[in-house]
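Please read the structure below before turning to the comments.
Please treat every number below as a calculation from the coordinates, not as lab data. The structure displayed is predicted, hence computed values, not measured ones. Here the Cβ is made from the backbone with ideal geometry for all residues, glycine too, and neighbour counts use every protein chain on show.
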Amino acid sequence: MSKNNSGVARVTAASSGIGEAVAERAMSQVQWKNVPTRTINVGGIPFAYRELGPNSGVPVVFLHHLMAVLDDWDPRVIDGIAVQRRVIAFDNCGVGASGGSVPHTIEEMGRDAIAFIRALGLKKVDLLGFSLGGGVAQMMALQAPDLIRRMVLAGTGPRGGGGIEKINRIAVVAYLKAALTLSDPRNFLFFPRTPEGKRAAKDYFARLKERTTDRDKPISLQARRAQLNAIRTAGLSPPDDLSVITQPVFVANGDHDLMVDSSLSADMARRLPNAKLTIYPDSGHGGVFQHHRTFVPAVLDFLAD
C-alpha cells in the first residue's frame, strides 16, 4: 500500500499474503455459511441476527447496503474478520426476517440499530457500515457517541453530499441491464465491466450462494421503497457536522464507484477529524468485496489499535 501526495492510501492490486492467511484460517475456523440465525425482541419487534467469532473484546456490528439482507454479506469479509473479532450482522427493522417496517429516514434507522445493540446488552461496539449502512453508522455515531468505539465506512459518503439524482439514474440503468441479461444488478453497480471486474463479480456471487440452508427472507417491497426514500432524503438534506465524530474511522471505497463517487468518500474522510482513507484500484462500489484479501487484514489492523 502506498500514499499519494494528499495522504490517501491506495492499495495495489497484488494479493496480500496476510489476507490469504486470514482467509484460510477463516475457512477452517469460522463459517458464515452455517452459523444459525437468531432473533431478539426489541421493543416488541423481532430482530434477526447472526453472530460468530470469539466471544470476547468489543464486537463488530455490520450494517448492510440498500435492499440487502443477511445473505448479501460477502462470506470472505465476515469470516475473515470473525477469525479475530466477534461479528454481529443483523437485519434492521423491517428488513429480511426482522419484524416491523423500514423507516423513511436514516436517522430512524440509526435509532433502531442502537436499540438492537442495547437489547443485546452491549455497552461498546465497533461498526462496519457498507453503502446505506455507512450512512446509518454515521447517524449512530451522532446519536449515541458513547456506544461507538471505532467505525469502518465502506462505499459510502456524507449526508448532503450531492449527486443523488445521478445515483438514481445509474441504478435504473443497472436494473434495466440486469433484466435484459437475467442477472443481478450488482454486476453493474458493484463491479467495473472490465475482465477483472467481471471475474470479481462472478466470484462474489458464487460466495453468496455458499449458504444453502436457513437463508434469510428476501427484501420486501415496502423496505425497498422506504430505503430509497431515506437515501434520497439524506442526499438532499443539509450536511452533518462530522467534526463532532471523534472516533477513529477507516473510510474505504473503489476508485470507480458509480453509486458513491470516491470523491464523496474523500470529502467525508476530510471532514472526520480522526479518519484514514483507502481507495482500492480498478474497482467500483463493491471494491471492498473485490479486494477482500487486502480489506480484511486492513480492517483487523485498524480495529486492533
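Would you work out the charge dipole size for the chain about its Cα centre, treating the Cβ of every Lys and Arg as +1 and the Cβ of every Asp and Glu as -1, and quote it to the nearest 20 debye?
Magnitude of the dipole: close to 240 debye.
Take each of the peptides 143-151, 47-55, average the number of other beta-carbon atoms within 10 Å over its residues, and list them starting from the highest.
Those peptides, ordered most packed to least, come out 47-55, 143-151.
Check the straight Cα-Cα distances from LYS209 and name the lysines below 19 Å, setting aside those fewer than 8 residues away within the same chain.
LYS33, LYS198, LYS217
If you count the DSSP beta bridges with both ends in the chain, what percent of them are antiparallel, to the nearest 5?
30 percent
Based on alpha-carbon atoms only, what is the radius of gyration of region 145-298 relative to the globular estimate 2.2 N^0.38 Å?
Normalised Cα radius of gyration, region 145-298: 1.10.
Once phi is turned into θ = phi - 60°, what whole-Hz ³J(HN,Hα) does the Karplus curve with 6.51, -1.76 and 1.60 give for every residue of region 52-59, x standing for Gly and Pro?
7, x, x, 8, 7, x, 7, x
Summing -39500 (n - 2.57) over the DSSP H runs of n ≥ 4 in the chain and dividing by its residue number, what mean residue ellipticity at 222 nm do you reach, to the nearest 500 deg cm²/dmol?
So the helix-based figure for the chain works out to -12500 deg cm²/dmol.
Only Cα pairs within less than 10 Å get springs; with that Gaussian network setup on the chain, which residue of PHE188, PHE130, PHE289 has the largest fluctuation?
PHE188
Tell me which residues come under 5 Å, amide H to amide H, from ASP240 once H is placed; ignore anything under 5 positions away on its chain.
ARG159
Compare the Cα positions of ILE245, ALA178, PHE188 along the charge dipole of region 166-245 (+1 at Cβ of Lys, Arg; -1 at Cβ of Asp, Glu; about the Cα centre) and return the one farthest towards the positive end.
The listed residue farthest towards the positive side: ALA178.
Counting other beta carbons within 10 Å of each residue's own, what order do HIS285, HIS64, HIS256 fall into, fewest first?
So the residues, fewest neighbours to most, are HIS256, HIS64, HIS285.
Give the shape of region 2-304 as rounded, prolate or oblate, defined through the alpha-carbon gyration tensor: a ≥ b ≥ c are the square roots of its eigenvalues, a/c under 1.5 means rounded, and otherwise the shape is prolate if a/b is larger than b/c and oblate if not.
Cα axes put region 2-304 in the rounded bin.
With springs connecting C-alpha atoms under 10 Å apart, model the chain as a Gaussian network and identify which of ALA119, ALA97, ALA252 has the largest mean-square fluctuation.
ALA119
Please check: in the Gaussian network model of the chain (C-alpha springs, under 10 Å), which one of GLN290, GLN222, GLN247 has the largest mean-square fluctuation.
Comparing GLN290, GLN222, GLN247 in a Gaussian network model of the chain, the most mobile one is GLN222.
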